[in-house]
Amino acid sequence: MQNYEIDNLDKSILEALTENARIPYAELAKKLAVSAGTIHVRVEKMKNAGIIEGTKVSINAKNLGFDVCCFIGINLKNAKDYPETIKKLEAIEEVVEAYYTTGNYSIFIKTMTRSIDHLQMLLINKIQTIEEIQSTETLISLQNPINRDVLP
């Protein structure tokens, strides 16, 4: 990753791509009063600098039937168990995010399940069977009122 300082044009490009990653460069160029070539060059520079890591489709989990968002704080038996535990958690499809944290938990994960019964089965049959885990604390999310990307 190279050192790259973004300017106002780069910020405008990032904001537009965050809003709609599929916007054609020509349309974006017209909107920002520059050439499509300029947009292309700037996007490539930001990709090379690691600022833009790719594009992705945003999936609505609820519309796919995943109604229960849950956060689980995990305490490990030993700190050295972290890499193995992460490997095991990564194999569980309901685990959508994991963080190595300071504070009360060694690992903090986000899970998505179809129901409370599904969550219970996930905890009993998958997460709590990981031998490196000493204990867990489960927090069910009732709402996600703020969900945004970092903007420059």
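No lab work stands behind these numbers, since they all come straight from the coordinates. On a predicted model such as this, the values are computed, not experimentally measured, just so you know. Cβ placement follows ideal geometry from the backbone for every residue including glycine, while neighbour counts extend to all protein chains displayed.
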Item to complete: Compare the Cα positions of 150, 70, 115 along the charge dipole of region 67-152 (+1 at Cβ of Lys, Arg; -1 at Cβ of Asp, Glu; about the Cα centre) and return the one farthest towards the positive end.
Response: 150
Fill in: Paramagnetic reach from residue 34 in region 1-27 [backbone N under 13 Å; point 7 Å along Cα→Cβ]
5-17, 25-26
Worksheet item: How large is ³J(HN,Hα) for each residue in region 64-70, as worked out from phi by the Karplus curve 6.51 cos²θ - 1.76 cosθ + 1.60 (θ = phi - 60°), to whole Hz, x for Gly and Pro?
Response: 8, x, 8, 8, 10, 9, 9
Response to the item:
FRET efficiency (residue 15, residue 124; Cβ distance; R0 41 Å; to 0.05) is 0.40
Worksheet item: Rounded to the nearest 0.05, what FRET efficiency is calculated for residue 5 and residue 97 with R0 set to 22 Å and r the Cβ-Cβ distance?
Response: 0.15
Practice prompt. Calculate, in nm to one decimal, what residue 63 and residue 146 gain on full extension: separation in residues at 0.36 nm each, minus their alpha carbon distance.
Written response: 28.0 nm
Worksheet entry | Ascending count of other beta-carbon atoms within 10 Å, so fewest first, for 76, 28 | 76, 28
Worksheet item: Among the listed pairs 62/87; 11/88; 56/110, which are separated by more than 31 Å between their Cα atoms?
Response: 11/88
Practice prompt. Please order 62, 126 by the number of other Cβ within 10 Å, starting at the fewest.
Written response: 62, 126
Worksheet item: GluC sites (Glu not before Pro) within region 1-84: which are DSSP loop residues with at most 16 other Cβ atoms inside 10 Å?
Response: 5, 53
Worksheet, complete the sentence: Expected unfolding gain across residue 45-residue 75 under the 0.36 nm per residue rule, minus the alpha-carbon gap, is 6.7 nm
Worksheet item: aspartates and glutamates near residue 47 by alpha-carbon distance under 13 Å, same-chain residues fewer than 8 away left out - which ones?
Response: 5, 10
Practice prompt. Could you work out the relative contact order of the chain, using alpha carbon pairs under 8 angstrom and six or more residues apart, expressed as a whole percent?
Written response: 26 percent
